[in-house]
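First the structure, in the form of structure tokens, and then the observations on it.
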Amino acid sequence: MTPGSAIMPLCVAVPLGGAFLTALLGRQIPRLPDLLGALATLGALLLSVWSVHVVNVYGTVVYALGGWQPPIGIAMVLDGLTAFMLVTVNLIAFLVAVFSIDYMERFTDKWLFYTLFLLMVAGINGVVVTGDLFNLFVFLEVASVASYALVAFGTEKQELEAAFKYAVMGTVASLFVLLGIVLLYSHTSTLNMADMARELAHKGGGNVTLLVSVLFLMGFGLKAAVVPFHAWLPDAHPSAPAPISAMLSGVLIKALGVYALCRVFYNVIGITPEISSILMFLGVLSMIVGVFLAIGQWDLKRLLAYSSISQIGYVILGIGLGTPLGIAGGLFHLFNHSVFKSLLFLDSGAVEYSTGTRDLKKMGGLAKKMPVTGATTLVGAISIAGIPPFSGFWSKLIIIVAAVEAGRHWYAFWAVLASVVTLAYVMKVMRYAFMGTLNDTWRHVKEVPFFMKVSMVSLALLCVAGGLLLLPGLQETFLTLASGVLSEGTQYAAIVLSEVQ
Amino acid sequence: MALYLLCLVLFSVGVYGILARRNMIKIIIGVIVVEYAVNLFFILVAYKKDGRSPIFSPDADIPVQSMVDPLPQALVLTAIVIGLATTALMVAIAMRIYEKYGTFDIAEIRELRG
């Protein structure tokens, strides 16, 4: 077994163990949930950074769960894309856990929050590392069920309503995914993704793959909140506590939706021009619909939620283009969006923490009283609007250039237009919340506590430094490896299976 | 074939329940029906006419071809357990909503819009 392959089960086991210990001891020992939450996510973050090193040295690594050799046993696969997603997920999870130390003081039963939070992180990590399709479904459900409960965490009217809507739609989406997996199993008699890809290439997909593609598009598309399936997101994301909004918008929709979607379509079923066109169309549709719905919102978190839909559109457009440059741009935007959208949601949480409101009309001049929150929001806003040299600019630029290169000039045009409107709505946030004269109600507003500031400032620095990932040297070790996995398509089967022997 | 069609009918009944009912409890029942339809379909995929249980024994020489595929049965067990968790959570949320709003009618539970 290759050294470093133990990273994969550990990435699931560490948060899961943290959740277990928190549930067991968290109520009795004060401060323990904070400590465990931060330590478990830090452990997962270190493991994922190490996994980038492992991928660079050994290439694709396969771990046979319980010693049962794939394709019979359950496999976990570590390749460039997995390492990329692990770093994204655990980086955000760690900073969110740090933020929660102070923020979650507003709620009772903090230990319950950390238990669910760590369960969700374990589920997301599991989705990312697994090489087995049914196992992917199980981890998807672990993460989803934890997120339904977290959306309802405030147990007020709105939270419960949003959670119910989210739970029903999410469960139906999962069932579509399960139905797709059943059909694929009946066609190929295997559940291992690499083996399945080989069987599909060997036997030919035919009508089964067509039906399965539609089911997966609906199922994973709903998890990713792509436009015709987005109705749950603008309710669920604002209703959750701010750290969870950051997790949901930052990583959950990407790991369960975008990652699973492109892993299955590129590496297992094999991308076809039709699927590619559908993905691009849905991407552009999300981009445009999300951006125009966002600009009319007066609830800060609801505005950010619609903005997530629009930004996911960019990611889907980039990945749907199918060219190496487009995929690299899409994945880069996925990483950047995780960082700046988490930052903006944490900032909205900071505002809510200090003032108790999310209504933009009631705010005003908060930058004077809350300089750190104001400054970090500005960084996040500039980043999401795509102003150079912040990270969002580079990834949007790559996607637009890739769209032009692929001959999709209209899609490139819509991407530029959406970017301009994005600038408009983030300026709206800055103008109404932070600039202008201080509303008299907020005369005694204080800046947020230490841990919240640490987390916000770290994310803001990452926004500034995000563009550095494109530097030669860094790019090859991280981003190119990830996009390479998708570019090589169904070669995935041969690469993974050769590792098994 | 008829069995598969009945399974599809069950699936459609569940989807109809989710989409057309206004009572939250009925929506939850719709979700459960869809879930059972998918599980049933999974079992049907593995079914074999006159199939035997997949147990090897040294005494009897049973050919593998006559055995039912055991894997979907194990997977469906997992799917049922997951379904239990989601159902329990949805029912719990529905109960809390009833405490807050005093109704199960989703047309009257409309705080969120826009």
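The values are calculated or read from the model by the stated rules, or taken from the named source; none is laboratory data. Please read all numbers here as calculations on a predicted model, not as lab measurements. Cβ atoms come from the backbone with ideal geometry, glycine included; neighbour counts cover every protein chain shown. All accessible areas refer to the heavy atoms of the entire protein, side chains included, with ligands and DNA or RNA removed. Shrake-Rupley method; radii C 1.70, N 1.55, O 1.52, S 1.80 Å.
Centre-to-centre, using Cα atoms only, region A:264-304 and region A:172-245 are separated by 15 Å.
Look at the Cα gyration tensor of region A:278-470: its axes a ≥ b ≥ c give a/c of at least 1.5 with a/b over b/c, and that counts as prolate.
Find, among the chymotrypsin sites (Phe, Trp or Tyr not before Pro) in region A:23-106, those assigned to loop by DSSP (not H, G, I, E, B) with at most 15 other beta-carbon atoms within 10 angstrom. In loop regions of region A:23-106 (DSSP not H, G, I, E or B), the sparsely surrounded chymotrypsin sites (Phe, Trp or Tyr not before Pro) are A:W68. For the pair B:A2 and A:T441, label points projected 7 Å from Cα toward Cβ lie 6.7 nm apart.
For region A:410-501, dividing the convex hull volume of the Cα atoms by the residue count gives 205 Å³ per residue.
Which sequence of A:T490, A:T130 reflects their accessible areas, 1.4 Å probe, from the largest down? Walk me through the numbers before you get to the answer.
Values: A:T490 65, A:T130 5 Å².
Largest accessible area first, the list is A:T490, A:T130.
Each chain gives up part of its surface: B and A jointly bury about 3200 Å² of accessible area, both sides summed, for a 1.4 Å probe. Accessible area of A:F153 (1.4 Å probe, protein heavy atoms only, ligands and nucleic acids ignored): about 30 Å².
Farthest towards the positive end of the charge dipole of region A:278-470, among the residues A:L343, A:P324, A:P389, is the Cα of A:L343, using unit charges on the Cβ of Lys, Arg, Asp and Glu. Result for chain B in a Gaussian network model with C-alpha springs under 10 Å: among B:G30, B:G14, B:G83, the largest mean-square fluctuation is at B:G83. Averaging Cα coordinates gives a centre for region A:117-137 and one for region B:66-114; these two points are 20 Å apart. The fraction of accessible area contributed by carbon and sulfur in the protein assembly as shown is 68 percent, rounded to a whole number (1.4 Å probe; ligands and nucleic acids excluded). Rounded to the nearest 20 debye, the dipole magnitude of region A:278-470 is 420 debye, with +1 charges on Lys and Arg beta carbons, -1 on Asp and Glu beta carbons, and the Cα centre as origin. Each principal axis of chain B carries a Cα extent, and these read 66, 28, 22 Å when sorted largest first. Length available on full extension from B:S66 to B:S12: 0.36 nm per residue minus the Cα-Cα distance, which gives 16.2 nm. Each label was represented as a point 7 Å from its Cα along the Cα-to-Cβ direction; for A:Q475 and A:Q491 these points are 1.9 nm apart. Between B:Y98 and A:W410, the modelled labels are 5.1 nm apart [label points 7 Å from Cα along Cα→Cβ]. When only the Cβ of Lys, Arg, Asp and Glu is charged (+1, +1, -1, -1), the dipole of the protein assembly as shown relative to its Cα centre reaches about 1540 debye.
Express in nm, to one decimal, how much length is gained between A:W68 and A:E105 on full extension, taking 0.36 nm for each residue of separation and deducting their alpha carbon distance. Write down the numbers at each step before the final one.
On the way: separation 37, 0.36 × 37 = 13.32 nm, distance 4.50 nm.
Working it through step by step, the gained length comes to 8.8 nm.
Work out the FRET efficiency for B:F56 and A:H202 from their Cβ-Cβ distance, taking R0 = 41 Å, and round it to the nearest 0.05. Please list the in-between numbers first.
Values: r = 28 Å, r/R0 = 0.69.
That pair, B:F56 with A:H202, gives E of 0.90.
About the Cα centre, and with charges only on the beta carbon of Lys, Arg (+1) and Asp, Glu (-1), how big is the dipole of region A:1-154? Nearest 20 debye, please. Please report the intermediate quantities before stating the final value.
On the way: 4 positive and 7 negative charges, 43 e Å.
Result for region A:1-154 is approximately 200 debye, rounded to the nearest 20.
Under the 0.36 nm per residue contour assumption, what length would be gained going from the current alpha-carbon distance of B:K49 and B:R21 to full extension? Write down the numbers at each step before the final one.
Working: separation 28, 0.36 × 28 = 10.08 nm, distance 3.79 nm.
Roughly 6.3 nm would be gained on extension.
Ignoring lysines fewer than eight residues from B:K100 along the same chain, the ones with Cα atoms less than 30 angstrom from its Cα are A:K110, A:K157, A:K165, A:K223, A:K301, A:K361, A:K362, B:K26.
With Cα atoms as the point set, the radius of gyration and Dmax of region A:77-229 evaluate to 17.7, 57 Å. Sorted from longest to shortest, the spans of the Cα atoms of the protein assembly as shown along the three principal axes equal 87, 60, 51 Å. Overall shape: prolate for region A:263-359, with the ratio a/c of the largest to smallest alpha carbon gyration tensor axis at 1.5 or above and a/b above b/c.
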